[in-house]
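Chemist: Dropping a structure here in structure tokens format, bear with me for questions.
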Amino acid sequence: MRLAKVLATLFLLTSFAFGQDVPLSANLSTKDKSQAIDDVSVQIDVKGGKKPYKYVWNNEDISIYNKKFNGWSEGDSIKVTVIDANLDTVKVTGYVKPNSFSEHVNNGMKPAVSLLQDILFANVWSDTVKVKEFVLKAPFALSTASPKYVLKEWVKKDGEEVKHLEIIAILKEGDNEFPFYAMGDGTLMHGEHKGKKVVAGDEVSFINKRGNLSEKILGKIDYSSPQPFYFKNLTNKSQGIPLIVLWLVAGAFFFTFKMGFIQFKGIRHAIDLVKGRYDNPSKEAGEVTHFQALVTALSATVGLGNIAGVAIAISMGGPGATFWMILAGLVGMASKFVECTLGVKYRILKEDGEVSGGPMYYLSRGLAKRGPGFKQLGKVLAILFAILCVGGSLGGGNMFQVNQAFNQLSEIPGWEGFSSYGLYFGIGMAILVGIVIVGGIKKIASVTDKIVPTMVGIYVISALVIIGFNYDNLGHGFSTIITGAFNPDAMYGGFIGVLILGFQRAAFSNEAGVGSAPIAHAAAKTDEPVSEGIVAILEPFIDTVVVCTMTALVIIFTGYAQDPEGLEGAALTSAALSSSLGDWSLYVLSFAVVLFAFSTMISWSYYGLKAWTFVFGQSKMSDLIYKFIFLVFIVIGASVGLGAVIDFSDLMILGMAFPNILGLLIMSGEVKADLKDYFSRIKSGAIKRFK
């Protein structure tokens, strides 16, 4: 009897001991796969607590479902909070020290990138983004390597009220089961796929138009009142007005009113000038024609901003963002007019006919006329602009371009092995660019006046074919854009959010007010600065109003505006084209991207050279040193991943807008007077029409 009591007591004690939950603990392990940047793999292993676990990363793009991540950057701190079903938490941290040269360079540039971003993208106004609903997509299906998950059961019924992070469904893969959480408090609505309700047993992914695995929309949560938008790591999105965007757009609106809406009044005259109808048969000062100056400037702006920028705007802000891109392009035409007029007015003509012009010269020479104080200000602004321009030419106008062109070719189906030939691609591009830029602006202009019409033609024809297929829906397409602009129902929601997003992508695309185009336009053969400024207004019109609108319509007509399938940027535009025209269009688009990159690089080499010689003096040796550095950076951009370096130098292009627009505002009065005088002389016949 005593033995039985002892055994019973021991059983109760062991049952109690083993019945207790093991305390929640977690371990973070990392592995740096190679000497390349941004290739750290991170894994979280959890013990104890109560399943299921949530993983809250210090990266908004990593889902709370992910306990693994590949692609962390060396030198960045890793912080993950693990939450179990009892809401117990444990925090784990990690750090991978940079080892290789490229990793050290990338990590060393991050403070500079952060500083420049803090300045350029400082929010003048900011607020939390709120949305009316949250679309529920399977959190695992985007990777083509993912196993096939199915919906085991709905825990919550269709139309049932749910709470934030409450389990609403169970997903299953083999014997493994995973919870599916609600995001926000609201009413759960089970989704439909191809006209049928999503029910237990359905796969949570599907084969999309591109033949790849994509997330199925499982349903949505309707909010009774707008709630904050949640990122994948449960943080909330805020929408601000970046300082650089406000600076560019405010300047554009000021110049629009100051110049009496020159972008509309001068459009017909601009076309006549490009056609050469006012070209004096006797030689005028300059190196290139109006048309060549225009296409040289266009070659630096028409490119990835049109292919990727529009797609980013639509995927984040919906089709309505396109409307604000168009508006920003229209007002940006006035900025181009002012800066390109001054570019010609204050250029320097050498005895051999070579021209040097751009913001460096009108900031220093133009402001000097206003007195000693303005003279010193002009010198500072000119040097600042020149330094930023050199940096921008090597990064955003060079490394970024060749890097994106190489990546585009590497993603062509069947060309996967091409990704290992970055060094050779970079050398090939460097040789081609070198052949052109050694000849100076005349050689550059003679190449761009052939390449730009070709590349724009290829892209525009492809877009027009798709638009032609959907001619009957053209009215609906524009209606979608306009409706979305004023009644946005986009992922990132809100009228202000969509407006700012559209303005931002347009400003980055056409570079109006940045100060790059006046360097090219300064070389135009004309004795009338205002005439070149009027020619320049065509640039944002072609870049943003025409090409960007076509891209937007293609994305809308192919259905990707409604469901981007997790894509954004150039990948989204590529998918839209190939879904309608077939995979052969990927080759066409890739060829166009390479031409875009090539023409952008040769134009930016000229911009950077003029800024370089302004700082270091003009001589053959100075020219050769810059051109050699530029060509070396092409090879680096194609063969080595230097993310933070490219980011920093790309941001320098936007930084050019600060000194440039400040100078334009100060000198806008004299440009207005020159404009009035110019049109009065055309009216009186003092300026003759020759054709």
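Residues are listed down the side, and each one gets a yes or a no for (1) open to solvent by less than 10 Å² (accessible area, probe 1.4 Å); (2) within 13 Å of residue 402 (Cα to Cα):
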position: 582; (1), (2): no, no
position: 588; (1), (2): no, no
position: 607; (1), (2): yes, no
position: 615; (1), (2): no, no
position: 629; (1), (2): no, no
position: 639; (1), (2): no, yes
position: 655; (1), (2): yes, no
position: 664; (1), (2): yes, no
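Chemist: Next up: Looking for whichever is in contact with a Pro (Cβ under 6 Å, 6 or more places away or on another chain), closer than 30 Å to residue 349 by Cβ and either at pLDDT 80 or above or open to solvent by 30 Å² or more (accessible area, probe 1.4 Å) (or both) here; the options are 533, 515. Which one fits?
Modeler: Working: 533 fails: in contact with a Pro (Cβ under 6 Å, 6 or more places away or on another chain).
Answer to the selection: 515.
Chemist: Restricting attention to segment 37-68, and to residues there that are under 27 Å from residue 639 (Cα atoms) and open to solvent by 50 Å² or more (accessible area, probe 1.4 Å), which single residue is farthest from the chain's Cα centre (by Cα)?
Modeler: 38
Chemist: Could you run through segment 446-500 and say how many residues are at pLDDT below 70 and farther than 30 Å from residue 433 by Cβ?
Modeler: 11
Chemist: While we're on this one: May I ask you to list pairs of residues, at least six apart or on different chains, whose Cβ atoms are under 6 Å apart, with the first in segment 315-338 being farther than 15 Å from residue 498 by Cα and the second being open to solvent by less than 10 Å² (accessible area, probe 1.4 Å) and charged (D, E, K, R)?
Modeler: 336/539
Chemist: In segment 20-65, how many residues are under 18 Å from residue 91 (Cβ atoms) and either part of a strand (DSSP E or B) or free of Cβ contacts under 8 Å to residues at least 24 places away in the same chain (or both)?
Modeler: 16
Chemist: Name every residue in segment 608-622 that is assigned to a loop (DSSP other than H, G, I, E, B) and among the hydroxyl-bearing types (Ser, Thr, Tyr), in order of residue number.
Modeler: We begin by selecting, within segment 608-622, every residue assigned to a loop (DSSP other than H, G, I, E, B); these are 617-619.
Within segment 608-622, 619 is the sole residue that qualifies.
Chemist: Given the conditions (1) surrounded by fewer than 24 Cβ atoms within 10 Å (Cβ to Cβ); (2) closer than 16 Å to residue 608 by Cβ; (3) touching a Pro at 6+ places or on another chain (Cβ under 9 Å), and given that residue 381 satisfies all but one, which numbered condition is not satisfied?
Modeler: (2)
Chemist: With the checklist (1) modelled with pLDDT of 85 or more; (2) out of contact with any Lys or Arg (no Cβ under 8 Å at 6 or more places or on another chain); (3) open to solvent by 10 Å² or more (accessible area, probe 1.4 Å) in hand, flag the one item residue 281 doesn't pass.
Modeler: Looking at each condition in turn, residue 281 falls short on (1).
Chemist: Take the residues in segment 181-197 that are modelled with pLDDT of 85 or more and under 32 Å from the mean Cα position of the chain (by Cα), then tell me which one is farthest from residue 148 (Cα to Cα). Walk me through it before giving the result.
Modeler: Quick first cut of segment 181-197, residues modelled with pLDDT of 85 or more only: 181-192, 196-197.
Still in the list and also under 32 Å from the mean Cα position of the chain (by Cα): 181-184, 191.
Values: 181: 19, 182: 22, 183: 23, 184: 27, 191: 19 Å.
Of everything passing the filter in segment 181-197, 184 is farthest from residue 148 (Cα to Cα).
Chemist: I've got another one for you. Among strands (runs of 3 or more DSSP E) lying entirely in segment 75-149, which contain 3 or more residues that are within 24 Å of residue 33 (Cβ to Cβ)?
Modeler: By residue number, 78-83, 89-94.
Chemist: So how many residues does segment 332-378 have that are modelled with pLDDT under 90, crowded, with 17+ Cβ neighbours inside 10 Å and among the β-branched types (Val, Ile, Thr)?
Modeler: 2
Chemist: From 73, 77, which residue is open to solvent by less than 20 Å² (accessible area, probe 1.4 Å), of a type outside the set (A, V, I, L, M, F, W, C) and within 28 Å of the chain's Cα centre (by Cα)? I'd like the intermediate steps shown before the answer.
Modeler: Details: 77 fails: open to solvent by less than 20 Å² (accessible area, probe 1.4 Å).
None of the others qualify; the one that does is 73.
Chemist: When residue 623 is evaluated against the numbered criteria (1) surrounded by fewer than 24 Cβ atoms within 10 Å (Cβ to Cβ); (2) among the acidic types (Asp, Glu); (3) at pLDDT below 80, which criterion, by number, is the only one it fails?
Modeler: Failing condition for residue 623: (3).
The values are calculated or read from the model by the stated rules, or taken from the named source; none is laboratory data. Owing to the predicted nature of the structure, the values given are computational and were not obtained by experimental measurement. Cβ: placed from backbone, ideal geometry, glycine included. Neighbour counts: every protein chain shown. Accessible surface is based on the protein model in full, side chains and every heavy atom, while ligands, DNA and RNA are left aside. Shrake-Rupley method; radii C 1.70, N 1.55, O 1.52, S 1.80 Å.
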